[in-house]
Amino acid sequence: MIQVSSLGKSFIGPDGSPVAAVSGVSFAARPGEILALLGPNGAGKTTTMRMLATLVSPDTGTATVCGHDIRTDPVGVRRSIGYLSANTGLYGRLTAREMLVYIGRLQGVPNLKARVAALLEQFDIARFAEVPCERLSTGMKQKVNIARALVHDPPVLVLDEPTSGLDVLVTEELMRFLEDARDHGRCVVYSTHILGEVERLCDRAVIIHRGRVLADGTLAEVQAQTGTSTFPEAFLAHVRAAS
Amino acid sequence: MLVLVLGQGLLFPLVGVGLAQVQRSASSSADAAPVTLAVEGDLARLTPYADANTVLVAAANAPPRDDASTATKGPNATLVLSPPGAPFHAEVRYDPGARSGMTARKRAEALATRAGEAERTATFVAAGAVDPARTVVTTSDDTISAADRTLRLAASAVPALLMMLVASGGIYTALDVVTGEKERRTIETLLSTAANRRDIAVAKFIVVLTLVLAAAFVSLTSLYVTSLTSLGASMTGGTALPVRAYFVSLVLFLPLAATLAAILTAAAARVSDFKSGQVYAFPALVVPAGLAAVALLPDATLTPMVALIPISNLSVALKEVLLGTVQPVPLLIALVASTVYAGAALTATTRWLSREEVLLGDRGGGHRRLRGDFVPDALAVFALGLATLWFVASPAQQADFAWGMALSQFGLFLPIGLLAPAFFGLNLRETLALHAPRPRDLAWGVLAGLLCPLIGLTVEAAQSAVMPMSPEMLKMLSGMIPDLPTATLFFLVAVAPGLCEEMLFRGAILGLLRKSLHPAFAIVLTAVAFGLFHLSLYRIVPTALLGLLFGFARVRSGSLVVPIVMHMMNNGLIVAAGVAGIELGFRPEMVLAIIGIVVVLWRMGK
């Protein structure tokens with residue numbers, strides 16, 4: 001469902017010379033699978049996910065999402081992806097409902113009214129659906145944002161640290177939703193710093209460090225490569241070995 | 001911030017320089033302009049004192065003058081003489097709104113004074129006594145009616161005023177809908193939808209355009225309605241604006257609004273937050289306002305050439321529509337040209353807006369210092385250099401050339417250039433390119449330095465074909481080399497500017513700009529700044545071109561030493577020619593130097 005091959009992206013660094021944020025990253029994710037994208041800060045996770053969401057274009061390599069190439073068919077990719085990150089903010093002056101309707105129109109969702117009503121119900125947003133987003137709490141905002149990413153019912157979800165800043169209750173709701181999404185055949189790429197979430201949710205993990213893939217496999221495989229007894233220890237061992 | 005503060009100090013000096021240049025060129029052309037003076041009274045008393053360019057006609061025979069136009073069909077001013085026998089007294093009536101009127105007034109005053117002085121002397125000689133009465137020449141500006149004058153004043157001021165009102169309405173909309181998406185972190189939400197990026201850019205433009213058009217519509221309607229009331233009568237001299245003028249103005253504002261909206265949208269996309277938006281808002285407003293202000297010039301008429309200048313054309317057209325003097329052909333040219341400009345601006349804006357680094361701003365890579373960040377810093381260094389030149393260096397050089405020159409070069413320009421990188425937290429050697437050049441590049445630099453004066457002469461020759469220098473200006477320039485010992489002269493005019501000005505321009509300013517801009521763009525900007533730095537309309541183009549060569553040499557060779565050598569040689573050769581008494585003139589063969597310099601600079605750094 002997602003096929004990433006040798007993606008590379010550089011940015012202009014502080015001294016004017018290019019700095020490689022991602023170089024030669026490849027991995028794949030199947031339907032009904034939650035793939036963890038792990039790595040320390042600045043590893044290139046966010047850049048990789050932004051390339052998948054066609055927000056930035058890769059310098060080298062490419063990727064396909066549901067058969068759409070991110071280089072040649074970015075609109076097709078965006079139709080099949082729900083993207084959520086710390087930078088996908090909500091329009092403060094719109095209410096939760098207006099927000100969903102606005103994004104739904106841009107995504108060309110049929111029967112939008114019914115779809116929005118269903119999402120409001122599913123994420124328990126209905127009781128604050130008429131409140132401007134700027135007045136919502138962090139947890140409420142994140143619920144609206146997840147509903148926003150799902151408004152066009154995408155088969156693929158790309159979630160960049162969706163649980164950061166959330167309390168235990170909202171996190172639990174999100175976990176349940178993701179398990180449900182996986183069971184309904186969605187493909188989820190998920191980045192987080194909380195390895196407990198990974199052990200609970202994810203089938204496979206890709207560890208990225210300094211723009212390169214260190215490990216790619218099921219959690220058991222990734223752990224076995226290092227000979228450590230827990231997954232968090234395995235993650236640390238991989239990153240330390242590469243540093 | 002520094003730019004905003006220092007920019008204020010530069011406004012009046014720059015306006016002063018501009019006005020002085022305009023006045024100089026105007027007065028030199030005014031001396032030669034033919035003038036017709038109507039005389040009420042005894043024409044024969046003035047005839048012997050009139051010069052070749054002044055035609056005197058009896059007021060009774062003069063054709064009537066078309067008040068509203070600035071055409072010189074009728075007499076340009078009227079002279080009313082006291083009756084023969086009475087003490088000499090002349091009154092000059094002229095139109096202060098037209099340049100021809102101002103020229104005629106000066107000519108009439110001089111003429112009447114000459115005639116009066118002669119009569120007084122004659123009376124004095126005949127009476128053998130002292131005549132205590134001085135010649136009296138009074139002036140009044142009543143050849144056009146007060147109503148016409150007010151209308152003309154209003155029509156001249158309205159276009160620029162409208163432009164400012166409309167643009168300032170648009171700029172905050174543009175900042176809100178474009179920059180605001182970045183600042184409020186909704187741009188990624190928007191871009192991750194299936195909407196096409198070009199469509200998003202066009203939609204943003206349409207929002208800004210709608211606001212600009214609405215502002216224009218309200219402004220023009222208010223102007224029209226006000227002109228119908230008694231309140232507006234004082235503004236338009238009692239005549240209500242014709243409804244046709246109102247509708248033509250609205251049509252004129254369509255392409256103008258589209259151009260403005262495209263510029264403002266692009267400017268807003270350029271910045272990553274409101275704070276830096278405020279820095280760019282001022283220049284984004286000043287450029288269109290400056291172009292629109294052309295309508296304020298009394299002589300600005302919509303000729304086919306003026307009709308091709310963006311923004312100025314519509315501003316002048318609007319003025320003529322309000323005055324009722326507009327000609328259909330230039331108006332049509334102005335409309336077509338403006339529509340083309342608006343289309344080009346829109347295409348460029350949408351194409352540019354859909355680039356990821358523009359849309360996503362500096363969060364693209366998570367690095368703080370990205371493209372664009374050093375441009376305000378470089379501008380601040382230039383502003384500081386220009387301010388010290390204007391307020392300290394120029395007065396000092398006028399007071400004492402040698403000491404003033406030494407002070408400005410070594411006390412101002414060199415330290416500013418050297419301290420700028422440290423001030424912005426940058427590496428000194430790397431920013432100023434203080435590296436030893438490769439011997440081969442140095443040799444190319446010496447060769448280029450030999451060719452530079454020839455390039456300068458060629459450009460000046462080409463320029464004088466378009467913009468001839470007035471004789472006084474030429475005299476001033478040729479008398480510029482002061483009387484000093486030859487060694488001192490070389491040091492002050494060749495060595496010092498070569499070192500110090502290069503440190504400031506090719507060192508600090510180009511070094512800063514290069515960090516943020518494409519090298520070619522950085523070289524051009526530095527060259528323009530270098531041209532402006534010489535505070536003379538006639539020297540902008542030649543010095544900017546030399547600046548282009550110096551900048552290119554610095555970037556190609558990777559060393560500041562090469563442009564320093566070129567600059568020293570250029571100035572040194574000119575001084576040497578002056579000292580040796582060689583007349584520097586343009587010869588057609590000098591054009592070959594252009595080929596030479598292209599080859600030299602091409603080989604440099606390879």
(message) So, residue A:100, is that one over 18 Å from the mean Cα position of the chain (by Cα), within 14 Å of chain B (Cβ to nearest Cβ) and within 29 Å of residue A:134 (Cβ to Cβ) or not?
(response) yes
(request) Assess whether residue A:214 counts as being within 21 Å of residue A:65 (Cβ to Cβ) and part of a strand (DSSP E or B). (result) no
(message) Restricting to segment A:60-86, count the residues that are free of Cβ contacts under 8 Å to residues at least 40 places away in the same chain and within 8 Å of chain B (Cβ to nearest Cβ).
(response) 2
(message) Can you find, within segment B:318-362, the residue that is modelled with the highest pLDDT among those that are open to solvent by less than 70 Å² (accessible area, probe 1.4 Å) and within 14 Å of chain A (Cβ to nearest Cβ)?
(response) B:356
(message) So, in segment B:141-194, exactly how many residues are among the polar types (S, T, N, Q) and modelled with pLDDT under 80?
(response) 5
(message) So for segment A:186-204 (the condition being touching a helix residue (DSSP H, G or I) at 6+ places or on another chain (Cβ under 6 Å) and either within 14 Å of chain B (Cβ to nearest Cβ) or among the acidic types (Asp, Glu) (or both)), does at least one residue qualify?
(response) yes
(request) Can you tell me which residue within segment B:170-191, out of those that are of a type outside the set (S, T, N, Q) and in a loop (DSSP other than H, G, I, E, B), is nearest to the other protein chains (Cβ to nearest Cβ)? (result) B:185
(message) Taking the conditions exactly as written (within 28 Å of residue A:133 (Cα to Cα), touching a Phe, Trp or Tyr at 6+ places or on another chain (Cβ under 7 Å) and not β-branched (Val, Ile, Thr)), does residue A:36 satisfy them or not?
(response) no
(message) Checking residue A:6 against (1) buried (at least 22 other Cβ atoms within 10 Å of the Cβ); (2) more than 11 Å from every other protein chain (Cβ to nearest Cβ); (3) over 16 Å from the mean Cα position of the chain (by Cα), only one condition comes out false. Which one?
(response) (1)
(request) From the list B:292, B:267, pick out the single residue that is farther than 24 Å from residue B:183 by Cβ, open to solvent by less than 50 Å² (accessible area, probe 1.4 Å), hydrophobic (A, V, I, L, M, F, W, C) and touching a residue at least 60 places away in the same chain (Cβ under 8 Å). (result) B:292
(message) Suppose we filter B:167, B:160, B:215, B:194 for residues that are within 14 Å of chain A (Cβ to nearest Cβ) and open to solvent by less than 40 Å² (accessible area, probe 1.4 Å); which single one remains?
(response) B:194
(message) Suppose we filter A:92, A:108 for residues that are farther than 22 Å from residue A:8 by Cα, touching a helix residue (DSSP H, G or I) at 6+ places or on another chain (Cβ under 6 Å) and either within 13 Å of another protein chain (Cβ to nearest Cβ) or hydroxyl-bearing (Ser, Thr, Tyr) (or both); which single one remains?
(response) A:92
(request) Among the numbered conditions (1) touching a strand residue (DSSP E or B) at 6+ places or on another chain (Cβ under 7 Å); (2) in a helix (DSSP H, G or I), tell me where residue A:189 comes up short. (result) (2)
(request) Taking residue A:130 as meeting all but one of (1) out of contact with any helix residue (DSSP H, G or I) (no Cβ under 7 Å at 6 or more places or on another chain); (2) open to solvent by 50 Å² or more (accessible area, probe 1.4 Å), write down the number of the exception. (result) (1)
(request) Considering each of B:74, B:116, B:101 in turn, give the residue that is at pLDDT below 75 and either in contact with a Lys or Arg (Cβ under 6 Å, 6 or more places away or on another chain) or not hydroxyl-bearing (Ser, Thr, Tyr) (or both). (result) B:74
(request) Check off (1) at pLDDT 90 or above; (2) under 30 Å from residue B:186 (Cα atoms) for residue A:183 and give me the number that stays unchecked. (result) (2)
(request) Residues being over 15 Å from residue A:95 (Cβ atoms) and out of contact with any Lys or Arg (no Cβ under 9 Å at 6 or more places or on another chain): count how many of those fall in segment A:138-157. (result) 6
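I'd like to check which helices (runs of 4 or more DSSP H) are fully inside segment B:530-606 and have at least 2 residues that are at pLDDT 90 or above, in contact with a Leu (Cβ under 9 Å, 6 or more places away or on another chain) and closer than 13 Å to residue B:502 by Cα.
The qualifying helices (runs of 4 or more DSSP H) are B:537-557, B:561-579.
The values are calculated or read from the model by the stated rules, or taken from the named source; none is laboratory data. Keep in mind that what you see is a predicted model, and the values were worked out from it rather than measured. Virtual Cβ from ideal backbone geometry, glycine too; neighbours counted across all protein chains shown. Remember, those area values only see protein heavy atoms, side chains included, never the ligands or the DNA or RNA. Shrake-Rupley method; radii C 1.70, N 1.55, O 1.52, S 1.80 Å.
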